[in-house]
2 protein chains.
Amino acid sequence: MARQADAANGERRTTIRDVAALAGVSPSAVTIALHDRPGVSAATRERILAAARELGWRPNLAASSLAGRRVHTVGLAIARPARLLGLEPFYMEFISGIESVLKRRSCSLLLRLVETDDEVEVHREWWQGGRVNGSILVDLRRDDPRIPALSGIGLPAVVVGHPSLAGPFTSVWTDDAAAVEEAVRYLAALGHRRVARVSGPAELGHSAIRTAAFTAVAGELGLDARTVVADFSADQGGRACRRLLLETPRPTAIVFDNDVMAVAALGVAAEFGLSVPADLSLLAWDDSQLCQLTRPTLSAMRHDVFSFGAQAAETLFAVIEGAPADSQLAHVPSLIPRGSTAPPAN
Amino acid sequence: MARQADAANGERRTTIRDVAALAGVSPSAVTIALHDRPGVSAATRERILAAARELGWRPNLAASSLAGRRVHTVGLAIARPARLLGLEPFYMEFISGIESVLKRRSCSLLLRLVETDDEVEVHREWWQGGRVNGSILVDLRRDDPRIPALSGIGLPAVVVGHPSLAGPFTSVWTDDAAAVEEAVRYLAALGHRRVARVSGPAELGHSAIRTAAFTAVAGELGLDARTVVADFSADQGGRACRRLLLETPRPTAIVFDNDVMAVAALGVAAEFGLSVPADLSLLAWDDSQLCQLTRPTLSAMRHDVFSFGAQAAETLFAVIEGAPADSQLAHVPSLIPRGSTAPPAN
């Protein structure tokens with residue numbers, strides 16, 4: 001409440017906007033300069049740092065706005081339907097990982113399900129209302145409007161996604177391109193020549209990265225490859241699989257962007273009288289306990305989602321506390337072969 | 001922020017403590033009287049309502065403390081290990097259900113994993129710090145210290161659990177006793193004479209209710225019955241099952257207080273070379289998608305956890321907004337027979 005107390009005393013705190021005005025740049029340029037990231041020239045960076053010094057503004061967004069204020073709340077806004085949140089293991093495990101770090105620090109998570117269009121406004125309201133000390137940004141899209149809008153207001157945040165999507169923010173990411181390459185090379189080594197993939201929403205940055213890698217590796221290996229877009233739900237995953245199996249000739253192996261869609265595909269294969277893996281190989285992503293409970297068990301690209309969530313939270317605390325926080329590669333998902341992948345029958 | 005503005009203007013708002021002092025009762029007695037619940041005499045209730053009128057205090061805790069303030073945040077503190085939160089479907093479906101209501105109202109959930117001993121303090125801090133408009137209280141224990149402490153400070157709250165555990169608070173509950181009775185009668189009808197149950201933590205109010213019902217119904221039917229306590233995790237559920245299977249004679253049917261423990265028991269049965277359901281019947285609780293993914297599929301006491309969470313949230317909004325909010329029976333879990341229950345082999 002330091003901010004409100006200051007306001008009540010009539011002492012307006014110096015903000016990022018004052019620094020930007022004095023340096024003659026936009027607030028986002030200040031953020032970029034302070035984080036020493038590409039995007040402003042060396043001369044501009046110097047001018048911005050000089051302006052910050054002149055105004056007595058510590059070149060650390062988080063520390064300045066939180067001076068004297070305990071870190072107590074971290075924000076997370078997710079643009080997914082509520083029903084899906086409970087059914088898809090990814091977010092449950094990710095949130096659990098975040099909570100494992102928050103619990104140790106007696107902090108709370110402010111969680112909100114939003115529509116994509118409301119994301120910026122929710123974070124702005126949380127941050128400017130003093131309700132969070134920082135946020136974790138997820139499901140980054142290409143040219144995501146959150147990046148300029150939220151760096152412009154000085155929100156301390158960590159982006160979960162590839163650094164190319166994160167703008168001036170620190171990011172925590174998994175190497176999706178390398179994982180897709182491993183998956184495709186594995187299926188090719190088993191002898192598959194017609195492979196398909198059921199992706200998450202196309203507008204998500206990591207879907208685009210995986211699609212590009214999938215197409216490139218399949219092309220290099222001379223495979224017939226295609227991607228069908230779905231939304232991570234069992235319903236759409238099953239439909240996408242059905243669509244692929246109606247094609248002639250049909251794919252002999254399908255990669256899924258999560259585990260729930262791969263589980264649904266097991267049911268669709270049974271509908272078509274196809275035996276998994278003899279007639280059709282299925283490869284899941286994320287590897288929650290779901291993959292080990294099906295019969296056959298599902299081969300998967302394993303990804304320690306709990307630790308990923310914990311690492312995002314740890315990194316956010318570093319950002320909030322003003323420690324140098326470089327973007328971090330959490331891990332490369334690795335292939336766990338189980339009962340749903342095998343050489344094609346023909 | 002109405003509260004802080006008032007404080008800044010030097011006008012102290014009338015609180016529940018003033019009403020209690022004038023009426024010569026405790027703050028919890030005021031809460032009880034206002035909600036028209038058993039616990040104070042008619043004369044005392046009249047005295048309390050008169051005191052409230054005299055002080056110009058609207059006999060509606062929530063509406064008075066929130067006057068002019070938009071409802072924006074609901075609190076939920078859960079005393080569970082972080083890792084378990086991600087693996088146990090119950091809480092994520094429950095939270096999804098809460099979020100489905102919050103999303104419609106553009107509200108956030110303040111979520112915190114706590115130690116049992118910190119629950120009161122967390123809710124007190126949230127409420128008195130103006131960080132939540134009300135809370136949902138879960139995992140009620142017998143003689144839960146949250147009830148007197150939080151009704152004493154006028155926290156608008158909904159208790160998830162049997163009304164007998166809820167004190168002056170409105171509760172949303174499932175009829176665990178009736179469900180246990182259905183489960184035991186079903187197993188007895190299949191011919192089982194030695195039945196066991198693996199429960200959640202004994203200190204939880206609903207564990208105690210289920211244990212009492214289990215013992216009573218088994219006694220009435222002349223079954224040999226016992227309950228072993230675990231903590232809802234796969235690890236302890238598997239161990240409890242192993243302990244039961246080492247007994248002579250061993251039970252021919254086991255009921256579990258959630259689904260994760262029943263899934264673990266499938267693995268333990270395989271260890272012992274026992275075929276499910278021929279040698280051993282297993283009956284799960286909650287019926288998440290896990291129960292349909294195992295082979296054999298798990299028979300379960302189905303419980304629409306998503307709707308249960310949504311109902312708890314709707315009821316909390318009614319409480320916060322001052323609408324009459326009676327305790328509500330959400331539903332009685334009902335038996336879904338699948339592949340893990342059958343008559344005993346001998």
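Condition check ((1) under 17 Å from B:I78 (Cα atoms); (2) under 15 Å from the mean Cα position of the chain (by Cα); (3) touching a residue at least 12 places away in the same chain (Cβ under 8 Å)) across all residues:
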residue	(1), (2), (3)
A:R80	no, yes, yes
A:R83	no, no, no
A:C107	yes, no, yes
A:H123	no, no, yes
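Okay, residues lined up against (1) basic (K, R); (2) farther than 30 Å from B:H192 by Cβ; (3) out of contact with any Ser or Thr (no Cβ under 7 Å at 6 or more places or on another chain):
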site: B:L290; (1), (2), (3): no, no, yes
site: B:L293; (1), (2), (3): no, no, no
site: B:V305; (1), (2), (3): no, no, yes
site: B:A313; (1), (2), (3): no, yes, yes
site: B:L316; (1), (2), (3): no, yes, yes
site: B:I336; (1), (2), (3): no, no, no
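Going by what's in this entry, would B:G267 be described as under 22 Å from B:A202 (Cα atoms) and within 14 Å of chain A (Cβ to nearest Cβ)?
no
Can you pull out the residues in region A:297-346 that are in contact with a helix residue (DSSP H, G or I) (Cβ under 6 Å, 6 or more places away or on another chain) and under 30 Å from A:P251 (Cα atoms)?
Selection gives A:L298, A:A300, A:M301, A:V305, A:V332, A:P333, A:L335, A:P343.
Looking at B:R210, B:R226, can you tell me which residue is under 30 Å from B:A325 (Cβ atoms) and not polar (S, T, N, Q)?
Selected residue: B:R210, the only one of B:R210, B:R226 that is under 30 Å from B:A325 (Cβ atoms) and not polar (S, T, N, Q).
Looking at the structure I just gave you, is B:S307 on the phi < 0 side of the Ramachandran plot, out of contact with any Phe, Trp or Tyr (no Cβ under 8 Å at 6 or more places or on another chain) and within 14 Å of another protein chain (Cβ to nearest Cβ)?
yes
Looking only at region A:184-202, filter to residues that are charged (D, E, K, R) and not in a helix (DSSP H, G or I); which one of those is nearest to A:V260 (Cα to Cα)?
Looking at the filtered set, the residue picked out is A:R197.
Search region A:11-68 for residues being at pLDDT below 75, among the β-branched types (V, I, T) and under 22 Å from A:S164 (Cβ atoms), and hand back the single one that is surrounded by the fewest Cβ atoms within 10 Å (Cβ to Cβ).
A:I32
Could you count how many residues in region B:227-268 are more than 18 Å from B:Q292 (Cβ to Cβ), in contact with a Leu (Cβ under 8 Å, 6 or more places away or on another chain) and modelled with pLDDT of 95 or more?
Residues that pass the stated criteria total 8.
Let me confirm something: among A:R302, A:R338, A:R250, A:R242, which residue is over 30 Å from A:T170 (Cα atoms), in contact (Cβ under 8 Å) with a residue 24 or more places away in the chain, surrounded by fewer than 24 Cβ atoms within 10 Å (Cβ to Cβ) and in contact with a strand residue (DSSP E or B) (Cβ under 6 Å, 6 or more places away or on another chain)?
The conditions single out A:R338.
Out of all the residues in region B:319-334, which are surrounded by 18 or more Cβ atoms within 10 Å (Cβ to Cβ) and either of a type in the set (A, V, I, L, M) or not in a loop (DSSP other than H, G, I, E, B) (or both)?
Result: B:V319, B:I320, B:A325, B:A330.
Only one residue in B:D326, B:D259 is out of contact with any Pro (no Cβ under 7 Å at 6 or more places or on another chain) and charged (D, E, K, R). Which one?
After applying the criteria, what remains is B:D326.
The values are calculated or read from the model by the stated rules, or taken from the named source; none is laboratory data. All figures in this text were calculated on a predicted structure; none of them were measured in a lab. Please note: Cβ atoms are built from the backbone with ideal geometry, for glycine as well, and neighbour counts cover all protein chains shown.
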